[in-house]
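The values are calculated or read from the model by the stated rules, or taken from the named source; none is laboratory data. This is a predicted model, so every value here is computed, not measured. In this analysis, Cβ positions are derived from the backbone assuming ideal geometry, glycine residues included, and neighbour counts consider all displayed protein chains. Just the protein is used for accessible areas: all its heavy atoms, side chains included, with ligands, DNA and RNA removed. Shrake-Rupley method; radii C 1.70, N 1.55, O 1.52, S 1.80 Å.
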Amino acid sequence: MGPARVRLEAGPALVGSSRLAAPPFGSVSARTHLGPLRFRATIDDIDVQALGRLLAGSPEEPGESQRAAPVARERSGASRLAELEAALGPLEDQARRAATLFLLRIAVVGLAGGLAGVLVFPHRTRRRLLRCGLGGLLATVLLLGPALATYDLGAFREPRYDGALEYAPALIGDVRTGLDRLRTLREEMVRVGRNLDRAYAALANPVGELDGTGTVRVLHISDLHLNPAGFDLAERLADQFDVAAVVDTGDMGTWGLPREPDLAANIGRFEVPYLFVKGNHDDADMVRAVAANHNARVLDGTGTEVAGIRFLGFADPTFSPGKGHQVDRLEQLKVERSVAVAEAVDRQALRPDVLLVHDGRLATYARGHVPTILDGHLHRFGTEVVNGTRTLQSGTTGAAGPDNLRAQEPPPADAEVLYFDPHTRRPVAVDRISVRLPGSSFSVERLLLPEGSTEFTPDPIEVPPDLVPAPGAQGG
């Protein structure tokens with residue numbers, strides 16, 4: 001197809017899905033249809049210069065394209081998109097023809113397989129030959145029918161990326177690209193073509209710039225647990241996804257030993273604000289070490305604003321190392337404290353957009369008071385919407401730290417990138433990133449958050465009578 005040679009495959013699968021593989025950058029996949037078939041498209045070879053001329057919307061020779069490049073850069077975004085659509089029109093037609101021919105070949109294989117089935121009968125007749133042939137063709141139609149009837153290209157708005165970390169933003173694009181441009185096949189071809197061009201150009205310089213598309217990106221990390229490799233990963237992600245801030249929901253330490261606060265010096269490596277709330281494995285020395293960094297903002301009943309997004313954070317009220325026998329009591333304490341957290345949210349002159357806690361129990365009764373809650377603690381991804389509040393739980397960016405050494409199946413290093421709508425100040429999507437250290441396996445999974453495009457309406461959870469503070473009591 002055009003400047004590329006693409007290998008198309010179909011095979012049995014429990015879940016209908018489609019995958020576009022672009023070696024050596026990785027692959028993008030999505031659940032696109034119903035039925036027991038999977039489709040795969042692999043780019044086996046590509047003429048990079050021809051691709052560049054195609055995306056430039058001109059068939060001229062390379063020298064002419066280079067001379068015209070300054071003029072092309074001055075064109076408006078809308079004009080440029082229209083030119084790309086026109087240039088990719090023939091490629092789109094070729095893709096349709098190739099897909100149609102591919103499906104016809106599958107049907108022919110089914111027919112041939114049915115005809116071959118007559119060989120199992122001792123007495124071969126024309127009637128049996130016809131029946132077997134039609135049976136094979138019918139079986140193929142039954143396999144392909146549900147897939148073709150339910151195929152949804154828009155499923156690539158929530159793609160899963162597997163491959164090299166450097167190329168993730170180039171291949172999956174910004175969330176606004178997914179929301180606004182994945183409406184039709186033509187727009188999809190434009191987006192994929194542009195991103196592939198950027199990706200192949202990235203061979204010389206893998207770290208490319210992301211398109212500014214109106215979202216505010218925030219990196220959410222948690223549970224570093226003394227692992228400096230977690231800081232290395234966070235720094236790469238902060239740079240790669242061009243985030244406005246890094247949010248750390250606690251547990252930078254593990255046991256509270258004297259040398260643990262030294263790790264906090266890594267915070268100064270980030271070129272953006274670093275928002276931190278204490279976890280149940282962080283002692284007072286760790287909190288002071290974090291606050292000593294010029295870009296750090298330690299939140300404990302206090303708020304801050306970054307790129308128009310208002311954050312309010314509360315420190316975990318416990319320090320649990322060596323107190324395993326008190327876990328139930330400590331967890332109940334956080335649930336009780338969450339009532340005071342909710343009241344503190346309501347007392348703010350401007351309602352915060354994001355509440356930061358380490359353990360989600362500390363925000364139990366703050367749901368319905370604030371649009372978004374970020375937490376960690378459980379070392380796994382999680383999300384839910386309760387009374388209009390979206391909670392986003394990140395995994396362990398430090399891959400569980402020292403506990404990783406004794407785990408039979410060590411967890412990956414996790415982080416997530418949130419895309420905030422600057423108008424509603426709520427996340428409209430999140431990229432969940434997992435890395436099996438020291439980097440042998442990497443994946444990004446995008447989730448769309450539909451409520452993020454609408455304004456938040458408070459809907460507080462009713463507090464049980466036994467947790468309601470007495471009149472005149474001070475929340476702690």
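For Glu305, the accessible surface of its heavy atoms amounts to roughly 110 Å² (probe 1.4 Å, protein chains only, rounded to the nearest 10). Working from label points 7 Å from Cα in the Cα-to-Cβ sense, the Leu104 to Arg126 distance is 2.7 nm. Taken about its Cα centre, the stretch 221-369 carries a charge dipole of roughly 360 debye when the Cβ of each Lys and Arg holds +1 and the Cβ of each Asp and Glu holds -1.
Taking R0 as 51 Å, what's the FRET efficiency between Gln326 and Ala149 from their Cβ-Cβ distance, rounded to 0.05? The partial results should precede the final answer.
Numbers: r = 57 Å, r/R0 = 1.12.
Rounded to the nearest 0.05, the efficiency is 0.35.
When the Cα positions of Gly401, Leu449, Val357 are compared along the charge dipole of the stretch 344-456, Val357 comes out farthest toward the positive end, with charges on each C-beta of Lys, Arg, Asp and Glu. Here the Karplus curve 6.51 cos²θ - 1.76 cosθ + 1.60, taken at θ = phi - 60°, turns the phi angles of the stretch 397-402 into couplings of 5, x, 6, 6, x, x Hz, with x standing for Gly and Pro.
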